[in-house]
1. Sort Glu105, Glu86 by heavy-atom solvent-accessible area, probe 1.4 angstrom, most to least.
2. For region 121-129, what does the Karplus curve 6.51 cos²θ - 1.76 cosθ + 1.60, with θ = phi - 60°, yield as ³J(HN,Hα) per residue in whole Hz, taken in order and with x for Gly and Pro?
Amino acid sequence: MPKAKGKTRRQKFGYSVNRKRLNRNARRKAAPRIECSHIRHAWDHAKSVRQNLAEMGLAVDPNRAVPLRKRKVKAMEVDIEERPKELVRKPYVLNDLEAEASLPEKKGNTLSRDLIDYVRYMVENHGEDYKRKMEVE
C-alpha cells in the first residue's frame, strides 16, 4: 500500500534537546518505584543497588551479610580475622527503619463506629432479648 502524501519528511536533529537529561529521566522512569519512603529519599540514582544499600547499612544478599560458619575444624583465635565493616554513610535510614518497626502495631480487628452505636442502642432498648428485634422487623 502506498504511503500518505507528504508524510515522508527526513529526520532532523533536535539541537535544543538535552540528551543527557532525557536519558537520565528515562532511566529513572524505567526504574521501579521504591515503596519505603526512608530508602526512597536516601537513594542515589547514580549508584548501583549494592552501593546504595551498603551506604544505608542494609544488605543486598542476606547469605553474604551473615555467613554460616562451618564447624569442622576449630580454628585458633589468632587465625580468625574479622572482615572490615563497610562504611555506613547514611545511618539515619537504618535508625528510621528501626524506629518504625518498634512502633506498636495498629489493631485492625475493631468494628466500625456505626455498628458499635447500633449494638449499644439495641442492647439498651431490648437487653438480651434477641427475638425481640426479629418481631419488630
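The values are calculated or read from the model by the stated rules, or taken from the named source; none is laboratory data. Bear in mind the structure is a predicted one, so any value in this text is a computation, not a measurement. In case anyone asks, the SASA skips ligands and DNA or RNA and just uses the protein heavy atoms, side chains included. Shrake-Rupley method; radii C 1.70, N 1.55, O 1.52, S 1.80 Å.
1. Values: Glu105 165, Glu86 130 Å².
Ranking Glu105, Glu86 by accessible area, largest first, yields Glu105, Glu86.
2. So the J values, rounded to whole Hz, are 4, 5, 5, 5, 7, 10, x, 9, 7.
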